Each structure stands twice: as structure tokens, then as C-alpha cells.
1. How large is ³J(HN,Hα), in whole Hz, for each residue of segment 73-81 in order, when computed from phi with the Karplus curve 6.51 cos²θ - 1.76 cosθ + 1.60 and θ = phi - 60°, using x for Gly and Pro?
2. Taking amide H atoms as placed 1.01 Å from N in the peptide plane, list the residues 5 or more away in sequence, or in a different chain, whose amide H sits under 5 Å from that of ILE32.
3. What ranking, highest mean first, results for peptides 91-98, 68-75 when packing means the other Cβ atoms within 10 Å averaged over each residue?
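Taken together, the values in this text are just the output of simple stated rules run on the coordinates, not laboratory data. In this text, all values refer to a predicted model and were calculated from it rather than measured experimentally. Please note: Cβ atoms are built from the backbone with ideal geometry, for glycine as well, and neighbour counts cover all protein chains shown.
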Amino acid sequence: MDAFTSPPDFAPRSPLVRECTACGACCSAPDIHALRKPLGVPCVHLRSDCLCAVYAARPAVCRSYQPDWVCGEVAPLPTLEARMRRFLEIYGLEDEARL
């Protein structure tokens, strides 16, 4: 399956959104062990404009992250908190994150 094709139980997303949208969800929702960042907590390096303050020195896990259909699902939401909640909801992690 193409990484930009949403699963059957999700509405289709635009095939044109294939680049990072700088929505901040991938820096907020998942846990990032290399940075000791817990699930559902924004990374300490995430700036208020949702860009990375240590982009040039970011860990390998961050460098290897590739945008996919989830980005198209969360990026249009109006706030970082809403994007983070939806990201966790998609993966069924909202209870684990205690949001």
C-alpha cells in the first residue's frame, strides 16, 4: 500500500500532500526514546512555529521519519494540541498518553 493511501476505514486524503507540513504532530504525539520524550508530550526542541530547534543535529529516528497519510489527516487541524490528539487517536494511544 502507498504510504499516502489511507486505510479503508478512513476518508481518502489528497495525494498532493507528500511533504512535511510542519504541523508538529510527529514531534509531539509519539514517544521518542532517543530524546527521552514521552508519549503525548511535545518535544523540548519543538519551537512555537512547529519547527525543530535542533534540526541539523536531530536524532536518526527524527531524520528517518517520512510523511504519510496521517500527516494529511492531522495537518489541517487548527492547533498543535488538536493535531496531537488526532494523531494519538488514529493509533489508539490516547488512553496511554492520558490526554
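1. 7, 9, 4, x, 5, x, 10, 4, 4
2. Under 5 Å from the amide H of ILE32 lie the amide H atoms of LYS37, each far enough along the sequence or on another chain.
3. Numbers: 91-98: 12.8, 68-75: 21.0.
Put in order of decreasing packing, that is 68-75, 91-98.
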